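Structure first, then comments.
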Amino acid sequence: MFRFKRKTLGRIVAVLVVLAISWLAVPQLVEAQQTTSNSTIAKETDYETDLFIIKGNDPGPVILIVGGVHGNEVAGVRAAKRIKDLHIKRGTLLVLPEANKNAVKMDRRYVPGKWDLNRTFPTSSNDKPSNPLSRAIYSLLSDYSVDWVLDLHEGINYNQVSDSVGQSVIYYARNNTESYAKSIVNTLNQDISSSNRKFSLLKNPVQGSLARSAGEYEECNAMIIETCMKDKLETRIDYHVEAVKVVLGKLNML
């Protein structure tokens, strides 16, 4: 009968244990993968634009991230393009980086002769979006059973020193949305030394805006995250990305 030396046997056992652990880990690694796909909204119109759909491995909240509702607010566009590459472990991210793609191309708030997109969403429970693009965006809320809407915008000045809404988080008051908005403000303000540049917490977005309509009529938790154009572009992009991460973190999606 062939016998192993004690040291040799110990090494064989150690190798077998490592192999067993590795084998057990493989399914977990596969399960941890997310899926990413994309589609086009407002198809066969002049307003076609890309929607990115990121699904975590486990079920969870559905979050709509929107940039480029106003075409000249470039930080939101750039941030949304980064956000679509985030890794999430549960739930679904819907990312619309260039909501008003034609305005983004022109670097204008909206296309001359057209409408301000963020004033074309419903203003009553019986109202409908007033143009093909806002209808396509608004339909995402019901089509995907959206729980949260985070709309990325920019203001021309700091809210602390002007009537502009730059450097603010504007939430629609329902459920616990306020606590999430406060967390964003507190997190971002930690690294801002100047009181004039600090983020403000504001309540209720303007009527006709995507966030207001989503919160008031579609039972979404909704907010507008505004950076200030007086800051450097990279700083503004970072603020937007970090704000979204705060919400995703509190929802245990990251």
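The values are calculated or read from the model by the stated rules, or taken from the named source; none is laboratory data. Keep in mind the model is a prediction, meaning the values are calculated, not measured. When we count neighbours, we look across all protein chains shown, and the Cβ atoms used for this are built from the backbone with ideal geometry, even at glycine.
Just a few scattered comments:
- The sole residue among Val244, Val206 that is within 24 Å of Tyr47 (Cα to Cα) and either basic (Lys, Arg) or in contact with a strand residue (DSSP E or B) (Cβ under 9 Å, 6 or more places away or on another chain) (or both) is Val206.
- In the set Glu216, Glu226, Glu242, only one residue is assigned by TED's automatic domain parsing to the domain that holds Leu94, touching a residue at least 24 places away in the same chain (Cβ under 8 Å) and within 19 Å of Tyr138 (Cβ to Cβ); that residue is Glu216.
- Qualifying residue in region 65-73 (condition: surrounded by fewer than 22 Cβ atoms within 10 Å (Cβ to Cβ), at pLDDT 95 or above and out of contact with any Leu (no Cβ under 6 Å at 6 or more places or on another chain)): yes
- Residue list for region 129-148, filter: part of a loop (DSSP other than H, G, I, E, B) and at pLDDT 95 or above: Pro129, Tyr144, Ser145, Val146, Asp147
- Output for region 116-137, where each listed residue is surrounded by 16 or more Cβ atoms within 10 Å (Cβ to Cβ) and either among the acidic types (Asp, Glu) or touching a strand residue (DSSP E or B) at 6+ places or on another chain (Cβ under 6 Å) (or both): Ala136
- When region 227-251 is limited to residues that are part of a helix (DSSP H, G or I) and more than 15 Å from the chain's Cα centre (by Cα), the one that is farthest from Thr187 (Cα to Cα) turns out to be Leu233.
- The set of residues in region 149-181 being surrounded by 15 or more Cβ atoms within 10 Å (Cβ to Cβ), more than 16 Å from the chain's Cα centre (by Cα) and assigned to a helix (DSSP H, G or I) consists of Asn159, Gln160, Glu178.
- Checklist (1) at negative phi; (2) in contact (Cβ under 8 Å) with a residue 40 or more places away in the chain; (3) surrounded by fewer than 24 Cβ atoms within 10 Å (Cβ to Cβ) applied to Ser145, failing item: (1)
- Residue pairs whose Cβ atoms lie under 8 Å apart, sitting 6 or more positions apart in sequence or on different chains, and linking a residue in region 53-77 that is not assigned by TED's automatic domain parsing to the domain that holds Met229 to a partner that is at pLDDT 95 or above and assigned to a strand (DSSP E or B), do not occur here.
- Residue within region 82-89 that is buried (at least 22 other Cβ atoms within 10 Å of the Cβ), at pLDDT 95 or above, within 19 Å of the chain's Cα centre (by Cα) and closer than 22 Å to Gly166 by Cα present: yes
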